[in-house]
Amino acid sequence: MRVILFLLKCLVGLFAAIGFLVTLPLLIIAVLGLSYDVPWRQQKAEVPAEAVLTIDLAGQVIENRPDSLFARSSLGDRIVLRDTVAALRKAGRDERIKGLVVRFGGLQIGMAHAQELRAAIQDFRREGRFAIGFSESFGEFGNGTVSYYLASAMDEVWLQPSGDMGAMGLMMEAPFLRGTLDKLGIEPRLAQREEYKGAMNTFTDSGLPAPQRQNLQQMIDSWMEQIVAAVAEDRELAPETVRALIDKAPLSADEGRAAGLLDRLAYWDELDDELTARTSEEMELFGLRAYAAATREETQEGPKIAVVYGLGPISLTTSENDPVFGSVVFGSDTVARAISDAIDDEAVEAILFRVDSPGGSYVASDTVHREVRRAREEGKPVIVSMGNVAASGGYFVSMAADKIVAHPGTVTGSIGVVAGKFVLSGLWEEIGLSWDQVQAGENAGIWSQNRDFSDAQWQRLQGSLDRIYEDFRGKVAEGRGLSDEETRAAAKGQVWTGVDARRLGLVDELGGFYRAVDLAKEAAGIAAETEVDLQVFPPPRDSFGELIEDTLGDGLQSSGAGAALQWMARVVRLIDPLLDAAENLGKDPRSQALSAPELHLAD
């Protein structure tokens, strides 16, 4: 698998190189266009006097724009969560904006991100604006539950007559490779604290162990309760009716409308005509992204709040963007330095730490934890806003904050530890490969994958796990003000939704990014009505890429090179669980001590 992964990355790198050569002339032209006032240079569109905003959710919602220009190209025209929510907040108070149309396609979105968008749409509606959701299908021969959950926040939900109502509930699934490893002669020598810690069970078991099955079932049931309650309220149906409809799904479009889940069956062109009838002939459809660009303020005034992002697996390195797929690494060097710079900046009155991470390295997590704790000691309040997941190391970096805000659907907790290695001696014997070595020091080869732990080394590993686990639990108790008994009940490697985490004292409030902004204002003594300057630390590095995008507009996303990268990215995402498992075989086992299990909602 590691060989396959390596070859796949080489292939994608080749595509990226070809894409660079294809787009290089465009980049040169774009740079020239930035320097000279030429007729073809794209200008920011002005907001029409009467407009209905549009959002196309055909794809993935991401937390933040990657720095790399080519990563942006591979992601295509993805929805950036914070930018979208900020634009909706502004549009709700803009008299030129009469309503909103959201087009749902092959949406890939986590529960917490869906909840943040739902809240933003509901706030937009409270300002007196209408909101219509349209989809060709909610899960054509697939699962459209989370997409429909988001759509149910609209005033009306429209579906193409030939479309499906595929809101069939939720399922999580994961590959288990123990049988494969046995056939290959690979022995997983891993240990964990405690029974619910499932980050490495994909290698050690052939199925879900009973404690983890119970824990994950509890989580998915909590998500399901949140979905049923919200749909029932928004569609004015009884919760038991919604549950029965989900169990009956997939439904046809006619069945969905008859059941009260849909308002109208129509095609996109009919919706366009309806919008004109509801507003006026002068009404124009205007993209939310264009609206955000047109209304972007060059400078912000008011008290400064630092925004620090901690996204992706945590590693003892600098933060990185995958130059092709746009995936990110939460580098402790970068994030800790960002928090430190915010502490030292006298103009910064509070720090908002946005965390969306399944964890990773214990040492890297502790490095960031120290800076969060130091900020509080220096009188700079820290408010954590959690995204889809802030578990294990993602929770470790959060727990010293003044306040923690999570969505009801955020995956958090996983207070536990796992470590060990994969012993490859059986594989080498199978293929006739032998290794020999010299060493100085009894335990110099403790992490070598070519031989098993000795009894003494295995005991040293157990002691290390005990030490890390006790440190984790102790810092949870200290940071959250919990007793040892309360901490033990929340720990053991268990994962929780935000709702359950709040009940256990692991988070303080339920809400999104802007609820965290309100709490940061409160902690810093800033009046609630005061506008603040939200400044990202560190500032984005690739300003060149943003200038190129401003000049070429959507042409970059629609280029042949960009389309090729997007196709490759989709293929890799499809087999992502197996690729993750293959890549983990070669990682330093100590770098994943505070990792949470990968949770994938099945399509």
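The numbers here are math on the coordinates, done by the rules we state, and not lab data. Everything numeric in this text was worked out from a predicted model, so none of it was measured. Positions of Cβ are backbone-derived with ideal geometry, glycine not excepted, and every protein chain shown enters the neighbour counts.
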Query raised in the report: Based on the mean of other beta carbon atoms within 10 Å per residue, what is the order of 391-400, 155-164, 109-118, most packed first?
Result: 391-400, 109-118, 155-164
Query raised in the report: Around Val389, which amide H atoms from residues at least 5 apart in sequence, or from another chain, sit under 5 Å from its own amide H, with H modelled in the peptide plane?
Result: Ser357, Val411
Report task. Rank the residues Arg96, Arg480 as a footprinting-exposure proxy: fewest other Cβ atoms within 10 Å of their Cβ go first. Result -> Arg96, Arg480
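Could you please tell me the mean projected area of the C-alpha convex hull for the stretch 226-367, averaged over all directions and given in square nanometres to one decimal? List each step's numbers first, then the result.
On the way: hull surface 62.1 nm².
With the hull built on Cα positions only, its mean projection is 15.5 nm².
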Report summary line: Non-local residues with an amide H under 5 Å from the amide H of His407, with H modelled 1.01 Å from N and Pro and chain starts lacking one, are Met386, Gly511
Query raised in the report: If we sort 444-454, 465-475, 379-389, 487-497 on the protection proxy, mean other Cβ atoms within 10 Å, highest first, what's the order?
Result: 379-389, 487-497, 465-475, 444-454
**Report entry** Length-normalised contact order of the stretch 304-562 in % [C-alpha pairs under 8 Å, at least 6 apart]
**Finding:** 22
**Report entry** Total charge dipole magnitude, the stretch 304-562, about the Cα centre, Cβ charges on Lys, Arg, Asp, Glu only, Debye to nearest 20
**Finding:** 720
Report summary line: The alpha-carbon pair-distance distribution computed for the stretch 324-365, with 5 angstrom bins and whole-percent values, is 5, 17, 24, 23, 16, 11, 3, 1
Query raised in the report: By count of other Cβ within 10 Å, fewest leading, how are Asp500, Asp269 ordered?
Result: Asp269, Asp500
Report summary line: Given the candidates Ser357, Gly416, Ile305, the one whose Cα lies deepest towards the positive end of the charge dipole of the stretch 304-562, counting +1 at each Lys or Arg C-beta and -1 at each Asp or Glu C-beta, is Gly416
**Report entry** Mean Cβ neighbour count within 10 Å, used as a protection proxy, ranking 128-134, 186-192 highest first
**Finding:** 128-134, 186-192
Query - Percent of beta bridges antiparallel (DSSP, the stretch 304-562, rounded to nearest 5) - result: 10
Report task. Rounded to whole Hz and in sequence order, give me ³J(HN,Hα) for the stretch 507-516 from the Karplus expression 6.51 cos²θ - 1.76 cosθ + 1.60, θ = phi - 60°, writing x for Gly and Pro. Result -> 10, 9, 9, 9, x, x, 4, 7, 5, 5
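What does the extension gain come out to for Asp221 and Ser252, with contour length at 0.36 nm per residue minus their alpha carbon separation?
That pair, Asp221 and Ser252, stretches by 8.6 nm at full extension.
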Query raised in the report: Using every alpha carbon pair in the stretch 304-562, what percent of pairs falls into each 10 Å bin from 0 up to the bin containing the largest distance?
Result: 7, 25, 28, 21, 13, 6, 1, 0
Query - Cα centroid separation - the stretch 460-501 against the stretch 371-408, whole Å - result: 15
Requested in this report: Filter the cross-link list Lys98/Lys380; Lys248/Lys492; Lys183/Lys248; Lys304/Lys475; Lys492/Lys521; Lys421/Lys492 down to pairs whose alpha-carbon distance in this structure exceeds 31 Å.
Outcome: Lys98/Lys380; Lys248/Lys492; Lys183/Lys248; Lys492/Lys521
Query raised in the report: Can you run phi through the Karplus equation (6.51, -1.76, 1.60; θ = phi - 60°) for the stretch 54-61 and list ³J(HN,Hα) in whole Hz, with x for Gly and Pro?
Result: 10, 10, 9, 9, 7, x, 9, 9
Query raised in the report: How far apart, in nm, are the 7 Å Cα→Cβ label points at Ser454 and Ala244?
Result: 6.9
